[in-house]
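See structure below.
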2 protein chains.
Amino acid sequence: MECLSDVGFSGATVGVVAKRAGVSRGAAQHHFRTREDLLTAALLHMSENRLAELRRRAADLPDGAARTGAVVEMLIDAYTGPEFSAALQLWAAAANDPRLRSQVIPLEEHVGREAHRAAVDLLGADETAPGVREAVQATLDLARGLGLASLLTDDEPRRRRVVGQWTRMLEETLR
Amino acid sequence: MECLSDVGFSGATVGVVAKRAGVSRGAAQHHFRTREDLLTAALLHMSENRLAELRRRAADLPDGAARTGAVVEMLIDAYTGPEFSAALQLWAAAANDPRLRSQVIPLEEHVGREAHRAAVDLLGADETAPGVREAVQATLDLARGLGLASLLTDDEPRRRRVVGQWTRMLEETLR
């Protein structure tokens, strides 16, 4: 993921990744037959770690209205920073590479479902109430958009204000 | 922009763009000294056209509550499709190319300000009311996030539901 973030998809070859990981090119290829296999496995691994970390940290969250804000911040944070930048390189490359695209689509569908389930659980959201499911999805879409806005410049002060307002709007829908 | 969308930044050389545009490489280079100049000028041109089109279409919009939904849909549509995909290729390349980044950042700041102003005008939003400014910004961030979600697969049915819910929440903040 560091290689993707630093040099993009075109630069992140199996050889370059193996060198940074301190293993031989042959060893890397023994586990991952193609570059696409290696990079999508790395993205899945990173996403699953992120989701597991979110669920671990949930134990320390406050209850009540403060919880919504804390969860929204955690979700937004998960989509900013170098890991998002790495994922973006893979998405951008997949947009005009049919072979990579066919591997990234099922991965993104899987991760998207897991992220949605985690968000619902962490927020304690009741998806049978009108608008709740869509509002939770909007939170994840907003997170992706804020991740994109912070890709090139440090967008944090603005992001905090937007997240604060969204939290108030989401809180009203949830309760 | 078509070249960026189809072959990414690494493939969208001045020669490739000139060929598709039906002009000589020399003619293209006469107007745009570098590839970075050419591609950022193309992105600015596309963004300004999109914003001008939004403002033109605003004349036909309904008043009242229906207006909010119509404007949100127009804004979201502006961030999906091949033009967004082209912009994304340029953002992804700028993330690890300092020279390109230094040209894309001021461009994005300019376009971001113009898009925000257009959104405020079209929505008839009163930015002095608490939360309104941030809710309008969140709408543009959501649009970017939904654009990203529709990059690899046709996400329209889900997007419509999210946009519908977003509209209801935004409407409440605006009025």
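No value in this document is a laboratory result; all are computed from the given coordinates. Note that the structure is predicted; figures quoted are calculated from it, not measured. Neighbour counts are summed over all protein chains in view; Cβ atoms, including those assigned to glycine, are modelled from backbone coordinates with ideal geometry.
Exposure proxy check: A:85, B:10 ranked by fewest other beta carbons within 10 Å?
B:10, A:85
Which distances, shortest first and in nm, link residue B:59 to the matching position in the other copies, using label points set 7 Å out along Cα to C-beta?
6.3
Choose one answer from B:149, B:138, B:95: the residue with the largest mean-square fluctuation in a GNM of chain B with alpha-carbon springs under 10 Å.
Of B:149, B:138, B:95, the Gaussian network model singles out B:95 as fluctuating most.
With viscosity set to 1.567 mPa s and temperature to 4 °C, compute the Stokes-Einstein D of the protein assembly as shown, Rh being the Kirkwood radius across alpha carbon pairs; µm²/s, no decimals.
Rounded, D is 61 µm²/s.
Counting only helical runs of four or more DSSP H residues, what would the 222 nm mean residue ellipticity of chain B come to if each run contributes -39,500 (n - 2.57) and the total is spread over all its residues?
Helix-only estimate at 222 nm: -26000 deg cm²/dmol.
When only alpha-carbon atoms are used, what values of Rg and Dmax, in angstrom, describe region B:34-174?
Cα radius of gyration and Dmax of region B:34-174 are 15.6, 48 Å respectively.
Stick to Cα atoms and the Kirkwood definition of Rh, then tell me Rg/Rh for region B:1-109.
So for region B:1-109, dividing Rg by the Kirkwood Rh gives 1.07.
Among A:156, A:83, A:73, which one shows the highest mean-square fluctuation when chain A is modelled as a Gaussian network with alpha-carbon springs under 10 Å?
Maximum fluctuation in the GNM of chain A, among the listed residues, is at A:156.
Between copies, how far does the label point of residue B:21 sit from its twins, in nm, shortest first, when each point is 7 Å from Cα along Cα→Cβ?
Residue B:21 label point versus its equivalents elsewhere: 4.2 nm.
So if each residue of separation counts as 0.36 nm, and I subtract the Cα-Cα distance between residue A:65 and residue A:2, what length gain in nm does that give?
19.0 nm
Taking the label point 7 Å from Cα in the Cβ direction, how far apart in nm is residue A:153 from each other copy of itself, listed shortest first?
Output for residue A:153: 3.4 nm, nearest copy listed first.
Taking only C-alpha pairs under 8 Å that are 6+ residues apart, what is the relative contact order of chain B in percent?
28
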